[in-house]
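**Student:** Handing you this structure, nothing more for now.
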Number of protein chains: 2
Amino acid sequence: MPLLVVGSVALDCVETPTDKRDDVLGGSAVFFSYAASFFSPVKMIGTVGEDWPQEHTTFLEKRGIDTSGIEMIKGGKTFRWRGRYLPNMNDRETLEVHLNVFGEFKPKLQTNHRDSKFVFLGNASPVTQLSVLDQVPDAKLTVADTMDLWINIQRDELEALLKRIDGLVLNDSEAKLLAEDENLVRAGHKVRAMGPKFVVIKKGEHGAMFFSEHEMYVLPAYPTPQVLDPTGAGDSFAGGMMGYLASKDRYDPQSLKEALAYGVVTASYTVEDFSLDRLAGIERADLDRRVAEYRQMLTF
Amino acid sequence: MPLLVVGSVALDCVETPTDKRDDVLGGSAVFFSYAASFFSPVKMIGTVGEDWPQEHTTFLEKRGIDTSGIEMIKGGKTFRWRGRYLPNMNDRETLEVHLNVFGEFKPKLQTNHRDSKFVFLGNASPVTQLSVLDQVPDAKLTVADTMDLWINIQRDELEALLKRIDGLVLNDSEAKLLAEDENLVRAGHKVRAMGPKFVVIKKGEHGAMFFSEHEMYVLPAYPTPQVLDPTGAGDSFAGGMMGYLASKDRYDPQSLKEALAYGVVTASYTVEDFSLDRLAGIERADLDRRVAEYRQMLTF
């Protein structure tokens with residue numbers, strides 16, 4: 001079942017305590033798409049500027065990702081992010097953000113994108129996310145990401161979005177902010193009560209929590225000794241999760257839990273190198289093998 | 001199989017963002033013993049001052065804990081700790097510490113304590129912990145806790161201890177400090193290579209990690225919506241773990257994993273109220289039921 005993702009396409013500059021990379025491929029839609037492509041066909045909607053290296057598009061298309069929805073804006077520049085990770089490799093500082101063409105991003109879906117059944121609304125303003133939702137009337141599973149910025153400046157629009165989507169994925173500090181509750185268990189339930197059928201709270205190196213009306217659980221991150229660059233881990237998690245669901249064409253509780261496990265494991269590979277370098281070196285069989293290890297790890 | 005614990009016995013003053021308690025029952029040996037008592041007979045070694053309320057001893061003995069190893073020092077004062085939790089209820093500031101009689105604690109085990117097979121060396125200086133180890137020649141499982149203070153000022157003695165114990169339990173920041181490595185997976189393996197057969201890293205609200213020569217895994221904390229006071233969670237975790245092992249009289253890999261799950265769940269009750277108030281209101285059956293829920297939560 002094809003999966004549609006709308007989100008940022010970026011060039012990242014990443015500094016870690018021991019290394020750095022300039023202008024590497026990044027952005028929520030990119031990490032999401034690549035992660036999801038292990039499981040399901042993916043269609044990507046985004047925007048880039050004239051500075052966008054064609055080789056990145058080629059790289060994504062070689063992976064079978066439909067990039068026809070990436071619009072190139074003449075005279076524009078691609079979204080750029082520069083960040084630095086602290087020694088714990090979990091916290092980071094944003095040093096520079098240049099939204100560039102992403103600041104004017106108004107996704108207009110082509111006919112071949114509009115009949116998508118599985119849709120992920122990557123981090124963008126709730127207004128933009130709502131406009132995409134209007135363009136996918138046949139979607140059977142819609143999941144969105146959000147961030148603190150929108151919670152702070154577009155809370156009404158975000159609350160309107162929450163009433164229309166099936167699932168919300170957000171990180172722990174964002175969940176606390178949105179729910180106005182410091183306890184993550186209560187925060188997750190409160191956010192779910194705002195509308196979505198399920199909520200997934202991403203806790204970075206500490207895993208993820210799931211909330212639905214009748215279920216709540218937490219799954220740890222897959223522990224890896226090699227963390228070179230956590231950028232894109234959250235989007236890879238969402239991509240692995242949604243890709244797995246699209247591949248099964250289901251989203252019952254058992255499939256959702258398996259999907260979370262695949263998300264955790266996909267993200268565990270992403271952090272093992274910069275950009276998509278690690279994911280580019282693995283196959284679906286590697287993900288299956290690590291999920292089996294992960295399942296064993298949690299069995300007692 | 002009886003279980004021996006040596007550690008602090010304290011009167012705690014605890015402040016949280018919404019509540020506070022003065023002079024409540026606390027200390028590593030107290031939390032450990034109470035938690036372990038759901039599973040196994042416990043013998044407790046510690047020291048208190050003349051200010052120690054006899055009712056606390058009565059409370060512990062009613063639970064079947066052997067308190068004959070608690071020495072009361074005439075003219076002395078009991079160890080006191082005052083702390084304040086930050087709004088996230090995971091980080092805390094220590095406002096006051098008065099070691100009092102615990103500063104001169106030189107445990108001398110009576111004959112009926114010396115033949116213990118399961119021994120937990122609660123947080124004390126490595127020198128004190130080594131002296132206890134010398135007094136339990138027949139122990140078949142010895143596990144110790146430690147803290148940043150000893151890593152900083154008695155590293156040589158701590159390293160000597162690590163070569164003589166079976167297991168070490170410590171928290172995440174202590175593991176990073178001891179291993180001089182910010183990655184917890186690598187840190188855990190490095191600490192294990194210092195001597196103990198296994199290492200357990202406590203991550204507070206994020207659960208625990210286990211390391212042995214052939215195994216590494218992480219288990220999340222049991223998510224509870226009610227966190228009133230995290231004091232003693234780590235010692236309750238260790239108590240649940242060691243109590244379970246002593247009750248089975250085994251410490252094979254499968255038993256150790258089950259024991260970690262019981263430790264996680266026991267600690268999840270401790271944080272639901274101040275001091276031992278929540279643990280005092282539950283039974284072994286509650287722990288079994290929550291472990292079953294926890295197992296279900298981790299099954300996919």
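The values are calculated or read from the model by the stated rules, or taken from the named source; none is laboratory data. Only a predicted model underlies this, so the values are computations on that prediction, with no experimental measurement involved. Don't worry about glycine lacking a Cβ; one is built from the backbone with ideal geometry, like all the others, and counts go over all protein chains shown.
**Student:** In the stretch A:269-300, how many are in a helix (DSSP H, G or I), among the polar types (S, T, N, Q) and away from chain B (no Cβ under 14 Å)?
**Tutor:** Final tally of qualifying residues: 1.
**Student:** Let me ask something additional. Out of the residues in the stretch A:132-147 that are part of a helix (DSSP H, G or I) and touching a strand residue (DSSP E or B) at 6+ places or on another chain (Cβ under 9 Å), state the one that is nearest to residue A:249 (Cα to Cα).
**Tutor:** Among residues in the stretch A:132-147 that are part of a helix (DSSP H, G or I) and touching a strand residue (DSSP E or B) at 6+ places or on another chain (Cβ under 9 Å), the one nearest to residue A:249 (Cα to Cα) is A:133.
**Student:** Exactly one of these conditions fails for residue A:147: (1) modelled with pLDDT under 95; (2) over 28 Å from residue A:2 (Cα atoms). Give me its number.
**Tutor:** (2)
**Student:** Kindly evaluate residue A:43 against the criterion of being closer than 19 Å to residue A:270 by Cα and of a type in the set (Lys, Arg).
**Tutor:** No, not satisfied.
**Student:** Given the conditions (1) more than 19 Å from the chain's Cα centre (by Cα); (2) modelled with pLDDT under 95, and given that residue B:68 satisfies all but one, which numbered condition is not satisfied?
**Tutor:** Here residue B:68 clears every test but (2).
**Student:** In addition: In the stretch A:179-200, which residues are in contact with a strand residue (DSSP E or B) (Cβ under 9 Å, 6 or more places away or on another chain) and not basic (Lys, Arg)?
**Tutor:** Within the stretch A:179-200, A:184, A:185, A:187, A:188, A:189, A:191, A:194, A:195, A:196, A:198, A:199, A:200 meet the criteria.
**Student:** Additional query: Tally the residues that are surrounded by 19 or more Cβ atoms within 10 Å (Cβ to Cβ) and more than 28 Å from residue B:11 (Cβ to Cβ), restricting the search to the stretch B:269-299.
**Tutor:** Number of matching residues: 5.
**Student:** Looking only at the stretch B:95-119, count every residue that is modelled with pLDDT of 95 or more and of a type in the set (Ser, Thr, Tyr) and tell me the total.
**Tutor:** Residues in the stretch B:95-119 being modelled with pLDDT of 95 or more and of a type in the set (Ser, Thr, Tyr): 0 in total.
**Student:** Can you tell me how many residues within the stretch A:236-268 are away from chain B (no Cβ under 12 Å), surrounded by fewer than 24 Cβ atoms within 10 Å (Cβ to Cβ) and assigned to a helix (DSSP H, G or I)?
**Tutor:** Residues meeting the conditions: 2.
**Student:** For residues that are charged (D, E, K, R) and in contact (Cβ under 8 Å) with a residue 24 or more places away in the chain, scanning just the stretch A:5-22, find the one that is farthest from residue A:68 (Cα to Cα).
**Tutor:** In this case the residue turns out to be A:19.
**Student:** In addition: In the set B:8, B:33, B:40, B:68, which member is in a strand (DSSP E or B), under 29 Å from residue B:259 (Cβ atoms) and not aliphatic (A, V, I, L, M)?
**Tutor:** B:68
**Student:** Could you check the stretch A:160-231 for strands (runs of 3 or more DSSP E) lying wholly inside it with 1 or more residues that are buried (at least 21 other Cβ atoms within 10 Å of the Cβ) and within 12 Å of chain B (Cβ to nearest Cβ)?
**Tutor:** A:198-202, A:208-212, A:216-219
**Student:** Does the stretch A:97-112 include one or more residues that are surrounded by 17 or more Cβ atoms within 10 Å (Cβ to Cβ), touching a residue at least 24 places away in the same chain (Cβ under 8 Å) and either in contact with a Pro (Cβ under 8 Å, 6 or more places away or on another chain) or hydroxyl-bearing (Ser, Thr, Tyr) (or both)?
**Tutor:** Within the stretch A:97-112, not a single residue is surrounded by 17 or more Cβ atoms within 10 Å (Cβ to Cβ), touching a residue at least 24 places away in the same chain (Cβ under 8 Å) and either in contact with a Pro (Cβ under 8 Å, 6 or more places away or on another chain) or hydroxyl-bearing (Ser, Thr, Tyr) (or both).
**Student:** Also: Quick test for you: out of A:86, A:95, A:130, A:99, pick the one residue that is within 14 Å of another protein chain (Cβ to nearest Cβ) and over 30 Å from residue A:283 (Cα atoms).
**Tutor:** A:86
**Student:** Then there's this: Of all residues in the stretch A:47-96 being of a type in the set (Lys, Arg) and touching a residue at least 12 places away in the same chain (Cβ under 8 Å), which is surrounded by the fewest Cβ atoms within 10 Å (Cβ to Cβ)?
**Tutor:** Of everything passing the filter in the stretch A:47-96, A:74 is surrounded by the fewest Cβ atoms within 10 Å (Cβ to Cβ).
**Student:** Evaluate the following for residue A:232: is it modelled with pLDDT of 95 or more and on the phi > 0 side of the Ramachandran plot?
**Tutor:** Criteria met by residue A:232.
Each row is one residue, and each column tells you yes or no for (1) of a type outside the set (S, T, N, Q); (2) in contact with a Lys or Arg (Cβ under 6 Å, 6 or more places away or on another chain); (3) at pLDDT below 95.
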{"residue": "A:226", "(1), (2), (3)": "no, no, yes"}
{"residue": "A:239", "(1), (2), (3)": "yes, no, no"}
{"residue": "A:242", "(1), (2), (3)": "yes, no, no"}
{"residue": "A:251", "(1), (2), (3)": "yes, no, no"}
{"residue": "A:254", "(1), (2), (3)": "no, no, no"}
{"residue": "A:265", "(1), (2), (3)": "yes, yes, no"}
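**Student:** Next up: For the stretch B:113-130, which positions are surrounded by fewer than 17 Cβ atoms within 10 Å (Cβ to Cβ) and more than 17 Å from residue B:251 (Cβ to Cβ)?
**Tutor:** The answer is B:114, B:115, B:127.
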